[in-house]
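Read through the structure below, which is laid out as structure tokens, and then see the notes.
Values in this text are rule-based calculations from the coordinates and carry no lab data. Keep in mind the model is a prediction, meaning the values are calculated, not measured. Cβ sites come from the backbone with ideal geometry, for glycine too, and all protein chains shown count toward neighbours.
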Protein chains: 2
Amino acid sequence: MTSSPAAPDPAPHAVGARGDLFDPLCPTRRLLDRIGTKWTSMVVKVLAEADPAEVRFAELRRRMPGVSQKMLSATLQSLARDGLVARRVEPTVPPRVHYRLTPLGLSLDAPLAAVRAWAEQHMPEIDRANRAADESAADRNDEQ
Amino acid sequence: MTSSPAAPDPAPHAVGARGDLFDPLCPTRRLLDRIGTKWTSMVVKVLAEADPAEVRFAELRRRMPGVSQKMLSATLQSLARDGLVARRVEPTVPPRVHYRLTPLGLSLDAPLAAVRAWAEQHMPEIDRANRAADESAADRNDEQ
DNA sequence: CGGAATCCTTTTTGATACTG
DNA sequence: CAGTATCAAAAAGGATTCCG
């Protein structure tokens, strides 16, 4: 991925690694680099569906089985930097940190939901295609 | 990414690296792992917009500045395996290979177009948010 | 509690060279 | 032309430890 959500990007405005020699780093690519980031779109989904819109870190983690706190933290920072989630810290003695989607983040949920819907509808077909491809490969190995 | 589109995946049906101990590897995640793959969604876009629906490898490459032929090849293989693109080989002496979207692949373009549209509409906001975040960071460094 | 920092491993990507 | 193979670099991800 071009932009790194995990690392606090030392040179935030240096768009391409070696500069934008080629494509103008189209917004779509940049966005997909972000939402492709393993946990990003899940955070958006979970927050979009959260009923009290604000969710605490630990609770968020509980709702996303498999995230390490490092990745969740990095993902949330990245989303906050992008203005998609808002962070609120209660200055209590063990601090309580709440996250929620901004209006911008919420608006992203719509197109993502479309992708989700497509995935749920068509992944079986993709799986079938994969099995078919595997079989053909096996056939080619058998034919002698 | 969980599934590797570049490498011909030695164990195609082993969904999770350590098994699906947690989430059932929801279809959405699996799909996003694929379309997050740097070039996948661009191939879908380019092929969806191609007027003769079929495009040759070299032409495809020309339309996607920055792809290495290795990655384009890997991406196309992955998409073909998933049943999203069809491959047609003319058995001429230098072979001509054409790619086109399958109906399934074409149907994926719709949700992806929604994401693209969102990106083009809102990336300026995201950029603004990033600049704001950078400034705050700079401020925090200046205050002594 | 919510992280930040560090270390280490796996995956991904790109350059380059070679082939049917 | 359309790849494959190989190698090296980089990025992502996870585990662990430490801190306010």
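The table for this structure:
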read-out: Boolean, B:Glu120 is assigned to a helix (DSSP H, G or I), more than 10 Å from chain A (Cβ to nearest Cβ) and exposed (fewer than 15 other Cβ atoms within 10 Å of the Cβ); value: no
read-out: Qualifying residue in the stretch B:116-137 (condition: within 16 Å of DNA strand C (Cβ to nearest atom) and in contact with a helix residue (DSSP H, G or I) (Cβ under 6 Å, 6 or more places away or on another chain)); value: yes
read-out: Members of the stretch B:23-57 found to be within 12 Å of DNA strand C (Cβ to nearest atom) and over 13 Å from the mean Cα position of the chain (by Cα), listed by number; value: B:Phe57
